[in-house]
Each structure stands twice: as structure tokens, then as C-alpha cells.
1. Indicate the gyration tensor shape class of the stretch 1-134 (rounded, prolate or oblate), computed on the Cα atoms with a ≥ b ≥ c the square roots of the eigenvalues: a/c under 1.5 is rounded; otherwise a/b larger than b/c is prolate and the rest oblate.
2. Pop the C-beta distance of Lys188 and Leu96 into the FRET formula with R0 = 35 Å and round what comes out to the nearest 0.05.
3. Of Leu96, Leu176, Leu107, which has the largest mean-square fluctuation in a 10 Å C-alpha GNM of the chain?
4. Return the loop-located trypsin sites (Lys or Arg not before Pro) in the stretch 43-124 (DSSP other than H, G, I, E, B) with at most 11 other Cβ atoms within 10 Å of their own Cβ; answer none if there are none.
5. What trypsin sites (Lys or Arg not before Pro) in the stretch 1-53 are in a loop by DSSP, with at most 16 other Cβ atoms within 10 Å of the Cβ?
6. Taking the chain as a Gaussian network, Cα atoms linked when under 10 Å apart, which of Ala116, Ala72, Ala212 shows the biggest mean-square fluctuation?
7. Mind putting a number on the dipole of the chain about its Cα centre? Charges go on the C-beta only, +1 for Lys and Arg and -1 for Asp and Glu, and I need it in Debye to the nearest 20.
8. Sum -39500 (n - 2.57) across every DSSP H segment of at least 4 residues in the chain, then divide by the residue count to get the 222 nm mean residue ellipticity, nearest 500.
Amino acid sequence: MSDSLIFIGTAGGRASVFRRIRRSGGFLLKLSNLWIHTDPGPGAFVYLHEMGFDPRNLDCVVLSHIHLDHSADINSVIESATDGGKKREVVLFAPLSALEGENRVVLPFIRKERIAKEFILEEGKEYEYKGLTIKALMKHKHHHTETYAILYNKRILYVSCALYEDRMLEVYPKNLDLMIINTTLYEKKKYIEHLTVQDAKKLLSHLKPKLAILTHFGYEVLLNHNLEDIAMEVKKETGVETVCAYDGMEVKL
């Protein structure tokens, strides 16, 4: 199978996720002949099965940060990916805060008995596994949580939840094949450390990827805006081909 991207769920933030306005659960990537599940939030385990994807096919799990809309199903996904520990070939990329300390989200027995290898994300560090490269490109400001933008195979950038900073324009590479941007808000009406559609426009105008996909939509965006209109607006103002993701959307890479 060629490289591909599948959105398991596209809701972001507490209101849209936990009121189930849309599904959550992150996304799947097929790269370097490996299946990678990024940010397995609430329902990810069930949604994988409903989509006809056997979690035992997973090779890697990536966690950008510990917030529950990104991490709630991480233990269930790893348990199912390893077939209850029978398959010890699944690797995990995650911040140290997800693994240790009082706020850890990966259970100790999962770490000890299920995961073949851990890669601890740190800003600026690149990791290699079976031909896949993952780089924790930038540590974001996001409600006092250790959160990273993640670069896959030097060509796909996942911009996880963040407060917009001009430093992103310097750190993020230009002319990538794809940027996936967690665009939780349309515009900022109060101080919230999430990206907006307006922030996405700044990033895309400067960085000019071949394709941008907006996802992780908050309650206000989903209820008060037409996502097709948002995609057209962003494309018109930035010149970058832009799509707003929907649950179950597949993209060939």
C-alpha cells in the first residue's frame, strides 16, 4: 500500500470532543511501510475497529502531549496493537511527562510489558526506526503542558495544539509536502493557547507547503462555521491548497 493518511477523528478541545460533536482519536499514517497512530484520543480503539483497521497492524504510536483529547485511549490502543502482549514490536514516541510523574498517561505495566522501545521526545531531537524518521521539531506553549510539533520523514509536519508564536515561522521547514494543523478556533476572542484559522493563515502564507489539512476543530468552529468555506478562505488568502478534514477522511501521500 502506498503512503497514506487516515483521520480517525477530527474534533478538538473539551467541548467538541467530550460532547461528541465529532469523533476524536487522532490519525493514522502509512509511511516507510509502517503504520503510525498519532494522538489516540477518546474512542480511538473502537473507531479503528469500526473502520476495519486491525490495531495489530500498528507499528508505532506517537503522542504529542498528555491532554485527554489526545491520549485517552493510548493504553487501549497499545494493548490491542500488541495483542495483549503477544506481539512485542510496537514502539512509542512520547514526551517524558506522558511516561513519568503524577500526570503520566501511559500505565507502568504497558511501558514494562507491552512496548518494545520508547523514544522520549525532546525539542530538536530526531529519531529513526526502521526507515521512519520522527523529529520533535518544536516545543509548543500549550497550557503548561509538554507539547511538540512533529515532523515525519522530513516532509510531513503535524502542528499539534499550541499558542501561536512567530518562532514557528523560523523553526518549521518551508515547502513541505503536507502540514496537518490543529485549528481549534476560528479566531481568538480570549486568551486560549490553541491555534486559530487566522494563525494557520500566517503559517501557510510564510511556509508554503504543497498541501495543508486543518483538523482538531473546536465547538465554536463546528457549530458556527462552514468548513468548506474556511478551506476556500485559507486557500484564497495564502495560495496553499487547503482541506478541512472530516472523520474517516483518507488522503494518498
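Nothing in this text is a laboratory measurement; each read-out follows from the coordinates by a stated rule. None of the values given here were measured: they were computed from a predicted structure. Cβ sites come from the backbone with ideal geometry, for glycine too, and all protein chains shown count toward neighbours.
1. Rounded, because the longest to shortest axis ratio a/c is under 1.5.
2. Approximately 0.75, to the nearest 0.05.
3. Ranking Leu96, Leu176, Leu107 by mean-square fluctuation puts Leu107 first.
4. On the way: sites: Arg56, Lys86, Lys87, Arg88, Arg104, Arg111, Lys112, Arg114, Lys117; in loops: Lys86, Lys87, Arg88, Arg104, Arg114.
Passing sites in the stretch 43-124 are Lys86.
5. On the way: sites: Arg14, Arg19, Arg20, Arg22, Arg23, Lys30; in loops: Arg19, Arg20, Arg22, Arg23.
Within the stretch 1-53, the qualifying trypsin sites (Lys or Arg not before Pro) (loop, at most 16 other Cβ atoms within 10 Å) are Arg19, Arg20.
6. Ala116
7. Dipole about the Cα centre, nearest 20: 140 debye.
8. Taking each H run of at least 4 residues, the total per residue is -6500 deg cm²/dmol.
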